[in-house]
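Student: Sending over a structure as C-alpha cells; questions will come in a sec.
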Amino acid sequence: MSHDHPYGKPVEVLKFTDTKQVVVDKAELEKMFDHQEVKNRKVVVFSIIGAFRRGKSFFLDYCLRFLYSHYPSINNPNNPLDNQQDWMGNGEEPLSGFTWRSGTKRDTTGIIMWSDVFLHTLELTGEKIAIIVMDTQGLFDNETSPAENSRIFALGTLISSIQVLNLSSIIQEDQLQYLQFATEFARFAAADSQGQAEKPFQNLLFLIRDWSNPDEFEFGTEGGDHYLKDVLKVKSDQKPELRSVRQFISSSFENINCCLLPYPGKTVARVKTYDGRWSKMDEEFKEELQKVIEHLLLPNNVILKKINSKDLKGSEMKEYIDSYFQLFQSDTLPQAQSIYESTIDKQMSILLEKCIDHYKHTIFLNNDLLTEENLYVIHEMSKNKTLIMFKEEKKMGNIEHERRFRILLDEQMEKLYIEWRDQKTITFEQIKEQKAKQQALYEEQLRLEEEVKEAKHKAEINLIELNKAKELQKIEEEQFQTQKALLEARLDAEAQRARAIEAERDAQQALRIALETRLAAEIAANAARPKKKKWYKVF
C-alpha cells in the first residue's frame, strides 16, 4: 500500500521473467546515473533486503520522508529544508513512495530504485554526493527459487554501500548461513568483475523487528550492537562451520551493526487497511524508528560506495551495475543452492574431510608392515574401515545425498590410494636401489679387505724372503769377505813368492853379472899374458 509521491516513483530496474530470464531496464538506469547532477557526484546506495511481508518497503518510505526533509533532489532542487527536526511529518499523513501491504503475498519484485536522486555537499570536504534508494524483492516466498533469492541478495550486496538486512525477532543460525552463502556469491561476482578486495563491501545493518528481549539487550543500535557482538562472537568450543560463518561475514563488510526495534503495534502489524500513518504506531516503535533512520541517513553518517577503496561516481556506478546485471544473465556464476542443500553440502563436506583424515591415518598406522605386495591390501582395509565410519556417522539429507557423497568419498580414497601407491612404489624402488648400492659397497669393501689381506700376506712373505735374502746376502758377504781375505792372503803369498823369485832372479842375475865380470877380468888378464892355447871348459 502506498500513495503517489509528488517527486518520484519506484522503478523496476531488474526483474525475473516467468522463464527465469533477467530483464534490465537500461534506460531508467541511464536516466538516473547519467543525469547531469549525478554522473560526476560520488554515490551512496542505500538498500534494504530480507524476507517478504516483513515491512521493508514500509521502512523505506519513512526513509524517503527523512531524505526529502534533509536533502534537495533532482526533482525537488529548491527544497527549503525547513522541516528537518520534525521530518516524520503529520501523524495522520499516509505513506507515499514504495508500494507495500500487509498479508501473505509479496508486493515488490526484482530490484526497484527510487526514480528521484538526493543531492548533498559534504561540509568537511566540499565533495558533492548523490544518494540512491533501492528496494529488493522479498525473499523466501513460495514463488521464488533459491537461485533467484541468492541472486537478488547478491546483487543488493554488490550495489549498495549501506545495506539493511530486515529480520524478524532474532538472528537465526540459518539466516547467518544464508547471508554467508549470498555474500560469497556476491564476492565471486565482485572478484570476476572488479578484482578481489580485502573487505569488498561497506556497511551492513541487521534490522531486527519485533524484538521481545529488551531486558537483555535494549532497543536501538547500542543494544543491537551488543546483541550482534554476542551472536557473531567466535568461540574456541564452536563447531568449525559456525566459526567459519562468523569469520566470513566479518571479513566481507567494513562495518556491521544491528538495531533492535520493538513491536510496532496491533494496527500496524495486523490491519490490512493500515496506510502507514505514524499516529497508529506504538510510541516506543516510532521513537526507535526515528533513531535508526537518522543513524543511517544523517549527512555525516552516509557511506560512499567504494570498489577496491575507490569512491565511485554516478556514471561509474552505472557501468558496474550494468556489468553485474550482465554477469547475472550469463552462465559464468556458480549455481545457487537452497539453504537446505547448502547446509547438507557443508555438513557432508565436513564429514567427508573427517573420513579422508581417518583413511590417511589408518594407512599411516600400517607403515611398518608395508611391502610392495601388500599395498592394495592395506588400502582396502583402510577404505573399508573408513566406509564403516561414514555409514555410522549421523548425517543430514536423504539416501541420495548419502549415495552422492559415498561415491565422492570412494573417488577421493581411490585417488589418494593411487598417489600413495605411486609414492610408496617410488620409495620401494629407492630402497631397492639403496640396498643394491649398499650391497655393492659391502662387496667392494670385502674385495678391498681381501686385497689388503692378500697384499699384507704378500708383504709378509716378501719381508720373510727379504730377511732370508739379507741373511743369505750376509752369509755370502761373509763368504765373500773370507774368500777375499783368503784371496788377498794368497795374493800376498804369491806376491811374496814373486818377490822371492824376483829376488832369487836378481841374485842369479847379480851372480851371472859377477861371473861374467870375473870371466871378463880373467879374459882380460889372460889376454895380457902370453897366449897359450889352452881350452877351458866353461860352465
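Student: Applying the selection to the range 32-56, what residues are in a helix (DSSP H, G or I) and open to solvent by 10 Å² or more (accessible area, probe 1.4 Å)?
Tutor: Residue satisfying the conditions is Lys56 alone.
Student: What residue, among those in the range 168-177 that are open to solvent by 10 Å² or more (accessible area, probe 1.4 Å) and of a type outside the set (S, T, N, Q), is modelled with the lowest pLDDT?
Tutor: Asp174
Student: In the range 254-271, what residues are in contact with a helix residue (DSSP H, G or I) (Cβ under 8 Å, 6 or more places away or on another chain) and closer than 22 Å to Lys305 by Cβ?
Tutor: Selection gives Ile256, Asn257, Cys258, Cys259.
Student: Being assigned to a helix (DSSP H, G or I) and either open to solvent by less than 80 Å² (accessible area, probe 1.4 Å) or out of contact with any Asp or Glu (no Cβ under 8 Å at 6 or more places or on another chain) (or both) is the filter here, so list the residues in the range 21-31 that pass it.
Tutor: Ala27, Glu28, Leu29, Glu30, Lys31
Student: Search the range 238-251 for residues that are farther than 14 Å from Asp174 by Cα and of a type in the set (D, E, K, R) and pair each with any residue that is surrounded by fewer than 17 Cβ atoms within 10 Å (Cβ to Cβ) and modelled with pLDDT of 85 or more when their beta-carbon atoms are under 6 Å apart and the residues are at least 6 apart or on different chains.
Tutor: none
Student: A further question on this structure: Could you list, in sequence order, the residues of the range 228-284 that are polar (S, T, N, Q), in a loop (DSSP other than H, G, I, E, B) and under 49 Å from the mean Cα position of the chain (by Cα)?
Tutor: Correct list: Ser236, Gln238.
Student: Sticking with this structure for a sec: For the range 427-464, which positions are under 30 Å from Lys360 (Cβ atoms) and open to solvent by 100 Å² or more (accessible area, probe 1.4 Å)?
Tutor: The answer is Gln430, Lys432, Glu433, Lys435.
Student: Next question, about the same structure. For the range 298-315, which positions are part of a strand (DSSP E or B) and not basic (Lys, Arg)?
Tutor: Ile307, Asp311
Student: Restricting the search to the range 194-250, which residues are closer than 18 Å to Pro264 by Cβ and out of contact with any His (no Cβ under 9 Å at 6 or more places or on another chain)?
Tutor: Once the filter is applied, which keeps residues that are closer than 18 Å to Pro264 by Cβ and out of contact with any His (no Cβ under 9 Å at 6 or more places or on another chain), the range 194-250 yields Phe206, Leu207, Ile208, Arg209, Asp210, Trp211, Ser212, Asn213, Pro214, Phe219, Gly223, Gly224.
The values are calculated or read from the model by the stated rules, or taken from the named source; none is laboratory data. Remember, it's a predicted structure, so these values are computed and weren't measured experimentally. In this analysis, Cβ positions are derived from the backbone assuming ideal geometry, glycine residues included, and neighbour counts consider all displayed protein chains. Calculation scope for accessible area: heavy atoms of the full protein, side chains included, ligands and nucleic acids excluded. Shrake-Rupley method; radii C 1.70, N 1.55, O 1.52, S 1.80 Å.
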